[in-house]
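Each value in this text was obtained by applying a stated rule to the coordinates, not by laboratory testing. Nothing here was measured: the structure is a model prediction, and the numbers come from that model. With ideal geometry, Cβ positions are generated from the backbone for all residues, glycine too; neighbour counts draw on all protein chains shown.
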Amino acid sequence: MSVTHLGHIVHIAGSPDVTGAREALTTFSDGALVVDDAGAITYCGPRQDAPADPTGSVADHRGSFLLPGFVDTHIHFPQTYSLDAYGGGQLLEWLDSCIFPAEARLADPEFAAQIARDFVTARIRSGTTAAMVFGSAFPDAQDALFTETRGAGLRLVSGRGVQTVGPPSAAPLMTSEKRAIELCTAEIDRWHGDDSSLLQVAIVPRFTLSVSTETLHALGELYDDVRGRGVYLHSHLNENNRPGTGEIDAVKSLFSVDSYLDTYDGKFLPGSQTGGSSLLGRRTIMAHAVHCTDTELARMAETGTSIAHCPVSQQFLGSGTMPWRRTVAAGVNVAAGTDVGAGDEWLIPQVLGCAFKVHLSEPGEDAIALHPAELLFTGTLAGARALDAEHRFGNFDTGKEADFLVVDPTRWEPLERLLSKGIRADDDEMARDQMLFALLLGMREPAITEVYVRGSRVVAPS
Ligand code: GUN
Ligand code: ZN
């Protein structure tokens, strides 16, 4: 039995890259999205042309928007309570003074169970139907995360954060190499599903400064073993360049590499004498990539590695701004990430609004005014592509799984005012673009009234 959802449909159709998003922007103000028993989309278009199904039912969301579910390609589960943590400055100080101690609290299984419920609830409130989630060091906490996510019916790719070296504040999060590999292997065996599953696992070295060259080698061996099973790889790259005390200088001097990316690509990995293996690929997402060289960007494009772009976090930690034009021109897929808790917004549209502002403020000819369709693309289809799951979700093409949100402007009055009273051009296309821009930037959590994954409504933990 099919369900026909009625509403104002907005999505990026087909399979464009970001430069084609504008042409691919598709809206049906009086639209219908028909979803079959298996949760697959069988029709997306004008209501009047929707196929009649006498045995089916209708969910009337008219007055609301139907948008593809948001995809967050970088968010830290153990930092659910660490937004707006004041810890004296930039990345390494903030990790040391606020984050490592906060993450150590997840060693307590009761605390971990509570934070997992709150994390899943926050994802539902913000309409994040799919996410690459940077996990906890502690297996019980990861079990709680996977269990709560499964109960809710959201999509999840996650893996425990691997740390084998670090400052004293990180000691509770650290293990030996051998133990790290055992724990990653156990997590994969327990939770990694095939591509029909909502739950999948990533190997997650925290960042280069949290692992030794031996750990990188061991993780490379593990990844060589499991990448054929569709396991993901996730980490941070070139985030913060504070001269002298910054992450990037530290990586280069400690690891004697010319570029940060080299630490994830060949040099320390198995077979380095014969070209080496790599942690990069179509199932690898690198967060930030603010300070990449052209060579690093070209290598990411070549390997199909995606970037989780996290401008809210980059502002919070003074990390700089990923150069939009140069990164996109290199052919790398750029998706959106909240980076909760350095990012202090759970809502992907808030990340997109921040991206609009920071890229318009890039110096000189680098400045760019991103089109609303490019913003929507970055928060939906690009995220599905980053998860190598574009064939499954990310927009409303027929045959895809129906991951979508109902956004009711009357539930967030400032948004309702923008949409009903905001200025609109006479030109239809411009008026549509203005509507989408106001919708994305003016939306807040209360406007997201229903969230569906694969056609089923997700359920918040009790
Ligand atoms: N680099 C290593 N760990 C972290 C983290 O928790 N947050 C951010 N933003 N960067 C990191
Ligand atoms: Zn992060």
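Within a straight-line Cα-Cα reach of under 20 Å, residue 267 can be paired with the following aspartates and glutamates, leaving aside sequence neighbours fewer than 8 residues apart in one chain: 177, 214, 221, 224, 225, 247, 249, 258, 294, 296, 302.
For the pair the stretch 45-84 / the stretch 174-245, the C-alpha centres are spaced 31 Å from each other. Each Lys and Arg adds +1 at its Cβ and each Asp and Glu adds -1 at its Cβ; summed about the Cα centre, the chain shows a dipole of about 320 debye.
Note on the stretch 5-64: the alpha carbon radius of gyration divided by the globular reference 2.2 N^0.38 Å gives 1.23. The 3J(HN,Hα) values that the Karplus relation (6.51, -1.76, 1.60; θ = phi - 60°) gives for the stretch 212-221 are, in residue order, 8, 4, 5, 5, 4, 4, 5, 5, x, 4 Hz. Gly and Pro appear as x.
Report Rg/Rh for the chain, rounded to two decimals, where Rg is the Cα radius of gyration and Rh the Kirkwood radius. Could the numbers behind the result be given before it?
Working: Rg = 21.4 Å, Rh = 22.3 Å.
Looking at the chain, the ratio lands at 0.96.
What ranking do 138, 77 get, fewest neighbouring Cβ atoms within 10 angstrom at the top?
Numbers: 138 24, 77 28.
The most exposed by this proxy come first: 138, 77.
Relative to the current alpha-carbon distance between residue 37 and residue 97, full extension at 0.36 nm per residue lengthens the span by 16.6 nm. What do you get for the angle between helix 348-360 and the principal long axis of the chain? Use alpha-carbon atoms, 0 to 90 degrees, nearest ten. Roughly 80 degrees, rounded to the nearest 10.
Based on the Cβ-Cβ distance from residue 194 to residue 426, what FRET efficiency comes out when R0 is 45 Å, to the nearest 0.05?
Numbers: r = 51 Å, r/R0 = 1.14.
Calculated value: 0.30.
Among bridges DSSP assigns within the chain, what percent are antiparallel (round to 5)? Please report the intermediate quantities before stating the final value.
Details: 26 of 58 bridges.
If we restrict to bridges inside the chain, about 45 percent are antiparallel.
Multiplying the residue separation of residue 186 and residue 258 by 0.36 nm and subtracting their alpha-carbon distance yields 22.5 nm.
Normalised by the number of residues in the stretch 324-429, what is the relative contact order in percent for Cα pairs under 8 Å and 6+ residues apart?
Numbers: 84 pairs, mean separation 20.5, N = 106.
Here the relative contact order equals 19 percent.
Rounded to the nearest 0.05, what FRET efficiency do residue 225 and residue 462 have when you use their Cβ-Cβ distance and R0 = 35 Å? According to the calculation, E is roughly 0.35. Taking every DSSP helix (H) stretch of at least 4 residues in the chain, weighting each as -39,500 (n - 2.57) and dividing the sum by the residue count yields a mean residue ellipticity at 222 nm of -9500 deg cm²/dmol.
Expressed in nm to one decimal, what extension gain is obtained for the pair residue 361 and residue 325 from 0.36 nm per residue of sequence separation less their Cα-Cα distance?
Numbers: separation 36, 0.36 × 36 = 12.96 nm, distance 1.25 nm.
Residue separation times 0.36 nm, minus the Cα-Cα distance, leaves 11.7 nm.
Remark: the Cα gyration tensor places the stretch 363-440 in the oblate category, a/c being 1.5 or greater and a/b not exceeding b/c.
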